[in-house]
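Read the figures in this text as sums done on the coordinates, not as results from a lab. Being a predicted model, the structure only gives us computed values, none of them experimental. For neighbour counting, all protein chains shown are included, and Cβ atoms are generated from backbone atoms with ideal geometry for every residue, glycine included.
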Amino acid sequence: MRPALLLPALAATLLAAALTLPAAAQPTIPEPPVRYDTDLLPASFHADRRARLAAELPSDAAVLVFSNPARTRENDVGYSYRQNSSLYYLTGTHEPESALLLVPGGVDVDGQRVTEVLLAPDRNAFTETWVGRRFGPERAQRELGVERAVSNSRLGELLRRVRADGRRIHIEPLPQGVEPGGLAAQLDTLRRYATVPVVTGNGYVRQAMGMILSVNDAEGFARAQRIASGRVRASDFTDPLLRDAAAAFLAAPDFGAWQRWKAEHMAGVADVAALPRTLAQLRAVKTPEEMRLMRRAVNASVAGHVEMMRSTESGMTENDVQAIGEYVFRRHGSEAVGYGSIVGAGENSTILHYVDNRRTIQDGDLVLVDMGAEYHGYTADVTRTFPANGRFTPEQKAIYDLVLAAQQAGIEACRPGQPFTAPGQAATRVIAQGLRQLGLIRTDEDVRNFFMHGTSHYLGLFVHDVGDYGALAPGMVLTVEPGIYIKPSPNVDPKWWNIGVRIEDDILVTDGAPENLSVGAPRTTDAIEALMQQRGVGNATFERR
Ligand code: GLY
Ligand code: MN
Ligand code: MN
């Protein structure tokens, strides 16, 4: 008998066997976790943040916050994904192609009145086979604790309903390193979808965002139209609202036609300033749950800086030092660095955000290391500067001690009620006076020749975190990071050349004295020289291949 003829008989036998099994023997398929960490921000934290945001906004407002776009590195390989900090802050979701719709006045979803809807990507067998598990709306609702989660393909439907109820939709544009709501952000968004002619499925959320953001600015419209010309057709849009918008956008011979469409269909849609401002004010003051994660990030960073100081010796490359630091960060649980690691030795210590990290470190170099670990979204930002051979020269020490004194004055100024500029003013005064005494400058104005950056920024979910840069208040975390950078120049005695020093710590403003979270990484020249006598995790011998 040919094997194929056996199969029906075999199948019938198996079926009969299955039918006679008791129901209890049917195996339940276990649901492995989507995320393994057990110390993530609790659902109650995100719920509280949403409630506070809602309380700050007008009663007729609706809020729409999008995920960051996933970005392609090349071909079928992407950059490692990082969530939009505000969406993470409000929901805890780590997935792209998501959005949060907050409607404090309520919106009907499938016959149920709700105030918050997470738009989540549908489960996707291809993604889950190749990349990893995904929540899907049902599990996102259960595990993230949002009132309702639905498929992201329903964004257009929900927006239409919210607008029909007369709500004003506040949108947080994607953080692109430009002013929120600014022209560049709009253009960037438009450019992205304009080069992807058919956007469906997982591209849906961004497609909608592009259309909505594009209504804000006349010049943006004109430029975007030029960029998009010929590359997008109205029929590329699956949602009727967006198809209408695309038709108006692409066909309008003048801005007036676009405005008429906007007046008719999207009245009161966009208020791009209020939401980012309110979110920034909320995010600037850290809760105890956030401080727990910030301390993890800072402690991992301190451990990394200590090991980098112990391990560094001339003959290593800047890249070697970076590898040692990042190894230690990860051994302390960190998932990523909060920004590109800066390891500049010798002449590179005078380049503020040097990230090539390819030079071989020489005896006599100063090594400036600005590196911070990220932990569950929160980043540290710590800089230490030390001599490659373990001993500061007199000139290196003179500059170092001046920066340290300036930093100490800056940290002292981190008191509640002080303006955000107070640490910078205090640090700059000390550096100006010191550089005059060393004969490096003649007037205080010349201080910017050698100290050409700001002293402080907020720190949190982003290295240069959001906030209103008004008065300092308890719970705010900011850096204090003065520096002096001396490049070779005919106007400067060669003994000072290639000395670059920055010292950067992460400071928590409290009701009383400021708390230096990163104080565990030695800062005085004596403490650094003593530490560098020791060997570190990076000194194990290995053969370079
Ligand atoms: N690491 C970037 C900065 O210090 O602002
Ligand atoms: Mn910084
Ligand atoms: Mn830094």
Highest mean packing first, using Cβ neighbours within 10 angstrom, the peptides 391-401, 144-154 sort as 144-154, 391-401
Residue-by-residue Karplus 3J(HN,Hα) for the range 434-447, coefficients 6.51, -1.76, 1.60, Hz, glycine and proline x
x, 5, 5, 4, 7, x, 8, 9, 9, 10, 4, 4, 6, 4
The range 467-530 - Debye-derived log10 I(q)/I(0), Cα point model, q = 0.12, 0.21, 0.23, 0.24 Å⁻¹
-0.50, -0.91, -0.98, -1.02
Kindly state, to the nearest 0.05, the FRET efficiency for D165 paired with R142, given R0 = 22 Å and r defined as their beta-carbon distance.
0.20
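Cβ under 9 Å from V146's Cβ, V146 left aside: what net charge do those residues give with Lys, Arg +1 and Asp, Glu -1? All intermediate terms of the calculation are to be shown ahead of the outcome.
Details: positive: R50, R148; negative: E116, E147.
Once all neighbours under 9 Å are counted, the net charge is 0.
Which FRET efficiency, nearest 0.05, do D444 and T317 yield, Cβ-Cβ r, R0 25 Å? Write out the running numbers ahead of the final one.
Details: r = 39 Å, r/R0 = 1.55.
The calculated FRET efficiency here is 0.05.
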Could you size up the charge dipole of the range 455-545 around its Cα centre, putting +1 on the beta carbon of Lys and Arg and -1 on that of Asp and Glu, and report it in debye to the nearest 20?
620 debye
Scattering profile of the range 59-104 at q = 0.17, 0.21, 0.25, 0.34 Å⁻¹ [log10 I(q)/I(0), Debye over alpha-carbon scatterers]
-0.53, -0.69, -0.85, -1.17
Could you check the simple spin-label distance between R123 and Q425, using points 7 Å along Cα→Cβ, in nm with one decimal?
6.0 nm
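Compute the FRET efficiency between R391 and Y36 as 1/(1 + (r/R0)^6), taking r as their Cβ-Cβ distance and R0 = 56 Å, and round to the nearest 0.05. Don't skip to the end; give the middle numbers.
On the way: r = 45 Å, r/R0 = 0.80.
After rounding, the FRET efficiency stands at 0.80.
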Taking other Cβ within 10 Å of each residue's Cβ, how do H170, H457, H305 sort, fewest first?
H457, H170, H305
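According to the square roots a ≥ b ≥ c of the eigenvalues of the Cα gyration tensor, what is the shape class of the range 393-545, taking rounded for a/c under 1.5, prolate for a/b larger than b/c otherwise, and oblate for the remainder?
Values: a/c = 1.98, a/b = 1.15, b/c = 1.73.
Since a/c reaches 1.5 but b/c is at least a/b, the shape of the range 393-545 is classed as oblate.
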Sequence-distant residues sharing a close amide H with V382 (under 5 Å, placed H):
M371, G372
With θ set to phi - 60°, apply the Karplus curve 6.51 cos²θ - 1.76 cosθ + 1.60 along the range 483-497 and write out the HN-Hα couplings as whole Hz, x wherever there is a Gly or Pro.
x, 9, 10, 10, 8, x, 7, x, 8, 10, 3, x, 5, 9, 4
Starting from the Cα gyration tensor of the range 17-150, take the square roots of the eigenvalues, sort them a ≥ b ≥ c, and report rounded, prolate or oblate (rounded when a/c is under 1.5, otherwise prolate if a/b is larger than b/c, else oblate).
oblate
Whose amide H sits under 5 Å from the amide H of V109, counting only residues 5 or more places off or on another chain, with H placed in the peptide plane?
V114
Quick check: from the Cα gyration tensor, does the range 418-461 come out rounded (a/c under 1.5), prolate or oblate?
prolate
HN-Hα couplings for the range 528-538 via Karplus (6.51, -1.76, 1.60; θ = phi - 60°), in whole Hz with x for Gly/Pro, come out as 5, 5, 5, 5, 6, 5, 7, 9, x, 5, x
